[in-house]
Amino acid sequence: MNSGETMTSLDELLRRCGRRDVKALEALYRETSGRLLGVLVSMLRDRAQAEDVLQETFVRVWARAPQFDDYRGSAMAWLVSIARHRAIDVMRSRKSTTSLDDLQLAGIEPVAEPQIAPESSATAGALEHCMQQLSQSQQRCIELAYVRGLSHEEIAGSLRSPLGTVKSWVRRALLSLKLCLES
């Protein structure tokens, strides 16, 4: 199945979930749970907690499926957004006094990239190509925000850059990625 067919089928599965089709939710879970778990493990660095967040994510997907609008973005992006926001909530609730700088001083290496499912390798390749087009600052901001789940304020602190500058880097990076991926 090519990536266009996969996205269409995910869109359809979400629409069916919105109509309370339990079989569609099961199929959606089978199709996307591996990728979502990879994102969550990368962010949370704890597989058990990531599995819990994955379950909570699908509960939210079920509740919010009627709100999905494929004109605003792809189904997978919508699912990742829900999972990512839930992971950020969990990270903020468990946050101790450990900062990113403390982790770097302790010698903790960056989290390995999640495994990419074969059917999404073309999309991953396109994203990798587009990421390379960004400045180093923009790449770092996107990594900290979307892989590690840091807020703009936390990114500004870890990069020792003004908050407004960080917000601009993120906004411009996302716009550049969108334009690059659409071309």
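Ordering R60, R160, R86 from largest to smallest accessible area (1.4 angstrom probe), what's the sequence?
The ranking, largest first, comes out as R160, R60, R86.
To put it simply, the accessible area of region 126-183 at a 1.4 Å probe is 55 percent carbon and sulfur.
Annotation: S183 carries an accessible surface of approximately 120 Å², with a 1.4 Å probe and no ligand, DNA or RNA atoms counted.
Counting only heavy atoms of the protein chains and using a 1.4 Å probe, D21 has close to 50 Å² of accessible surface.
The values are calculated or read from the model by the stated rules, or taken from the named source; none is laboratory data. A quick note: this is a predicted structure, and the numbers were derived from the prediction, not measured. Keep in mind that these areas ignore ligands, DNA and RNA; they rest on the heavy atoms of the full protein, side chains included. Shrake-Rupley method; radii C 1.70, N 1.55, O 1.52, S 1.80 Å.
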